[in-house]
1. Would you confirm, using the coordinates I've provided, whether Tyr87 is within 17 Å of Phe334 (Cβ to Cβ), modelled with pLDDT under 95, among the hydroxyl-bearing types (Ser, Thr, Tyr) and open to solvent by less than 40 Å² (accessible area, probe 1.4 Å)?
2. Applying the selection to the range 380-392, what residues are part of a loop (DSSP other than H, G, I, E, B) and among the hydrophobic types (A, V, I, L, M, F, W, C)?
3. For the range 515-529, enumerate the residues that are in contact with a strand residue (DSSP E or B) (Cβ under 9 Å, 6 or more places away or on another chain) and farther than 18 Å from Pro424 by Cβ.
4. Suppose the filter is touching a helix residue (DSSP H, G or I) at 6+ places or on another chain (Cβ under 8 Å) and in a loop (DSSP other than H, G, I, E, B); does Leu416 pass it?
5. Collect the residues in the range 342-386 that are among the acidic types (Asp, Glu) and farther than 28 Å from Ile61 by Cα, keeping them in residue-number order.
6. So Glu264 clears everything in (1) open to solvent by less than 50 Å² (accessible area, probe 1.4 Å); (2) modelled with pLDDT under 95 except one condition, right? Which one?
7. Among the residues of the range 271-302, write down those that are in contact with a helix residue (DSSP H, G or I) (Cβ under 9 Å, 6 or more places away or on another chain), acidic (Asp, Glu) and within 23 Å of Pro250 (Cα to Cα).
Amino acid sequence: MRKFEVVSPFQPAGDQGEAITALTEGIKAGDQFQTLQGVTGSGKTFTMAKLIEEVQMPTLIVSHNKTLAAQLYREFKGFFPHNAVEYFVSYYDYYQPEAYVASRDLYIEKDASINDEIERMRLSAARSLMERDDVIIVATVSCIYGMVTPDVYRKMNATLTKGEFINVDAVIRRFIELQYERNDNVLERGRFRRRGDTLEIFPAYMEEAYRIDLDWDKVERIRRFNPVSGEMLEDLDGALIYPAKQFVMPREKIYNSIETIRQELKERLEYFQNNGKIMEAERLKTRVEYDIEMLTEMGYCPGIENYSAILAERKPGESPDTLIDYLPKNHLTFIDESHVTLPQLGAMYAGDRSRKQTLVDYGFRLPCALDNRPLRYDEFADRLDKTVFVSATPGKTEIEQSVRVVQQLIRPTGLLDPEIEVRPSEGQMENIYGEVQKRIKAGERSLILTLTKKMAEDLTDYLSGLGLKVRYIHSEIETIERVEILTQLRQGNFDILVGINLLREGIDLPEVSFIAILDADKIGFLRSLTSLVQIIGRAARNAAGKVIMYADRMSEAMEKAIAETNRRREIQIAYNQKHGITPETVKKAIAEILTRHIEEAETTAATSIEVLKKSFNVLIPAQRKQLIKALENEMLEHAKNLEFEQAAAIRDEIARIKDNSF
């Protein structure tokens, strides 16, 4: 096994070393669950990397969204350049699941746009787990959805060895069984071609292809090459080809399963007919018989995953195999931002079940489709070996499950948690005006948090009327515009940002030194203990950070948030005094902190959408079609670069153009 090795010019600082030691001891002692409670900016990611290096275990890192997963993937790629760091998220740029709305008799067919690059990375993750031990997988909750069993995947391959004699036709049939498409003209990912005595195949999980030179039936030479330039990169002794799709099955298993599918169809048709549901019976009969015909002739059908339980010979209700089952028994799992990720993991099963149950009840799918599902939380937890929950604000679940909670309160920069004051709501606008003026004179920025969109907009108008440079942000602001607004705030184009929920874990604003929380005493999610602590953390990147809560009483959440912040400050101050550290505001390039990049012309703030729209006349059908195609290409390019928010914004624009709402 190649050892995990962190490559970094930095060494553990502050209390990172203590956290690494404590967590390592817990893992070696056999503790299944631990929690790393690290304040914002304390370098939790670096601690995670050093822990992997210490315990030398294959690792799964689960994040709650693609954006943060992409950020973590890039960071761990940098920390472990000599190891296999893989990325496993949903490969859809756009996904509309199959559904039926009974109240409107509306069937919605599955519609999706697959990102080829992310599909490649998912397949690469599975392949790495088959071949290596030094693997780190950064994933979203898509890792709890069903895949083909590891044993089947391991057996579903084609092996070619230099000097061996082969049956070329049998090899080609094997490629097709592995879901590779034959195209003798164009070699693209997931395809193969034969040209005389040469076979070329482009594995779906690689960025290079293989060329196999034949001397009749003998493999004369195997080379890895660049399929674009044709440059030969390496001579090989052999090549191992894994499937081109995530869900593949041996043809004999498919044939053996068809009778079981027919039997379930027969039972379901009898149920519908006995209950007078003739339309549902006919609908189901038509669909399933078509799928059976496709499976018989092609070994594959659209929606084959809905028959996965039968194909894998699982019993009704039995949990599917997932990415976690590809990991060795002894592995390490990090649940990043666990206060958000765990509830998401727990909610996936019920939502999926509800949608599919409706499809089954109305004859769109067989009951076996219910077992093409994500794991329940208890099933997920049972599959984990050693697990570390990572959060600044771990929830009750993490704390109760953890054998130990390791705190990481010291920032390498020496920065303290911000000071907190509580002031009455009466006269709060005049008070806020005075506070933001102080920050403007110091060249710093301010955030003001409200409870409603209307209040955010009205407050922005009020402050603007006082001559302040202010903007607002909420969910109705376009995705790209939100990123632009945050960029402009950091650049100093305006001084005050008003919003509702400005947590956005993963986005840091070190120029912000003042946060005003309006209606801090209100009961609800936006003013819960977790939310308040996360909000307070937004001001912890600036040495002059301060938070003022405007309230008419002291809520329980406020009391706990203030007490926790003051406790942390005392520890941080004592550490700084002991080590002679003077806190310094974080200094980072804008593009380094914002998780998305916006290309801007030097003299205009026009986005790529606006530029493209100006190039076409949407009132002319032909040009409108060309515009949609150009936008789709732009969307796919952003998605390929893991720029999901920009891709989503362009997707929404395409939908508006198609709906004539431009």
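1. Values: within 17 Å of Phe334 (Cβ to Cβ): yes; modelled with pLDDT under 95: yes; among the hydroxyl-bearing types (Ser, Thr, Tyr): yes; open to solvent by less than 40 Å² (accessible area, probe 1.4 Å): yes.
Yes: the conditions hold for Tyr87.
2. First pass over the range 380-392, keeping only residues part of a loop (DSSP other than H, G, I, E, B): 384-385, 392.
Leu384, Ala392, listed by residue number.
3. So in the range 515-529, the residues in contact with a strand residue (DSSP E or B) (Cβ under 9 Å, 6 or more places away or on another chain) come out as 515-521, 526-527.
Residue satisfying the conditions is Leu526 alone.
4. Values: touching a helix residue (DSSP H, G or I) at 6+ places or on another chain (Cβ under 8 Å): yes; in a loop (DSSP other than H, G, I, E, B): yes.
Yes, satisfied.
5. Taking the range 342-386 as the starting set, the residues that turn out to be among the acidic types (Asp, Glu) are 352, 361, 371, 378-379, 382, 385.
Selection gives Asp361 alone.
6. (2)
7. Glu289, Asp291
One line per residue, one yes/no per condition, for (1) aliphatic (A, V, I, L, M); (2) more than 19 Å from Ser142 (Cβ to Cβ); (3) open to solvent by 40 Å² or more (accessible area, probe 1.4 Å); (4) not in a strand (DSSP E or B):
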position: Arg353; (1), (2), (3), (4): no, no, yes, yes
position: Lys356; (1), (2), (3), (4): no, no, no, yes
position: Pro394; (1), (2), (3), (4): no, yes, no, yes
position: Thr397; (1), (2), (3), (4): no, yes, yes, yes
position: Ile410; (1), (2), (3), (4): yes, yes, no, yes
position: Glu426; (1), (2), (3), (4): no, yes, yes, yes
position: Gly434; (1), (2), (3), (4): no, yes, no, yes
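The values are calculated or read from the model by the stated rules, or taken from the named source; none is laboratory data. In this text the structure is predicted, and so the values were computed from the model without any measurement. A quick note on method: Cβ atoms are made from the backbone with ideal geometry, for glycine too, and the neighbour counts reach across all protein chains shown. Remember, those area values only see protein heavy atoms, side chains included, never the ligands or the DNA or RNA. Shrake-Rupley method; radii C 1.70, N 1.55, O 1.52, S 1.80 Å.
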